[in-house]
Structures are given as C-alpha cells and as structure tokens.
C-alpha cells in the first residue's frame with residue numbers, strides 16, 4: 001500500500017478592535033431597528049409581542065407589548081407608542097440620574 005501525505009497550510013488572521021470600514025453603518029437584521037439617541041447607539045429587535053433593546057452594544061432592555069403601547073420594568077408607570085420612544089425615554093431617565101441601564 002502506498003501512503004499519501006497531505007500538507008495543510010494554515011492562515012493566520014489578526015483581529016483588531018477597529019473595523020476596516022468604520023464609516024459604514026452596521027446592517028440591521030430583519031425586524032431590527034437601529035438609531036442613535038443622546039449619543040448612544042441603539043438596536044431594537046422585535047420578537048413577537050416583545051422586543052429587546054441593546055444600547056451601546058452592552059445594555060439590554062426588555063420591552064413588552066401592552067394593550068395600548070409598549071412598557072418596560074425600568075419605567076413601570078407608563079406605556080409608549082413604539083419601542084423606539086420607550087428606549088428614548090429610558091435613555092433620558094438615565095441621563096437625569098433616575099436609573100442605570
């Protein structure tokens with residue numbers, strides 16, 4: 001029996017903290033809304049009757065659809081017409097020192 005040998009050459013990839021195309025906005029997934037509010041990058045992903053907001057890539061805010069709008073446990077005494085308006089109110093409340101997200 002004649003043996004065969006296979007040589008595999010590996011490729012090294014260096015990853016840096018800076019994306020190669022920093023001026024190009026990230027693409028939003030289907031059902032996802034991206035915007036900036038008070039200097040914070042926001043991504044909202046709608047999932048059924050709820051949504052999840054990521055603020056600056058690390059803060060998660062759970063949003064629930066109610067009868068007349070959207071609500072979150074961070075602002076329990078009101079509802080908002082859209083997830084975007086709710087997240088803007090959460091960010092405004094954080095800026096006012098009322099909560100920490």
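Please treat every number below as a calculation from the coordinates, not as lab data. Note that this is a predicted model, so its numbers are computed, not measured. Positions of Cβ are generated from backbone atoms using ideal geometry, with glycine treated the same way; all protein chains shown enter the neighbour counts.
For this structure, a couple of remarks:
- If you filter the range 53-66 down to residues that are assigned to a loop (DSSP other than H, G, I, E, B) and in contact (Cβ under 8 Å) with a residue 12 or more places away in the chain, you find that the one that is nearest to residue 38 (Cα to Cα) is 56.
- If you go through the range 26-45 and keep only what is over 11 Å from the mean Cα position of the chain (by Cα) and surrounded by 15 or more Cβ atoms within 10 Å (Cβ to Cβ), you end up with just 37.
- Residue tally, condition part of a strand (DSSP E or B), touching a strand residue (DSSP E or B) at 6+ places or on another chain (Cβ under 9 Å) and within 21 Å of residue 36 (Cβ to Cβ), over the range 67-98: 3
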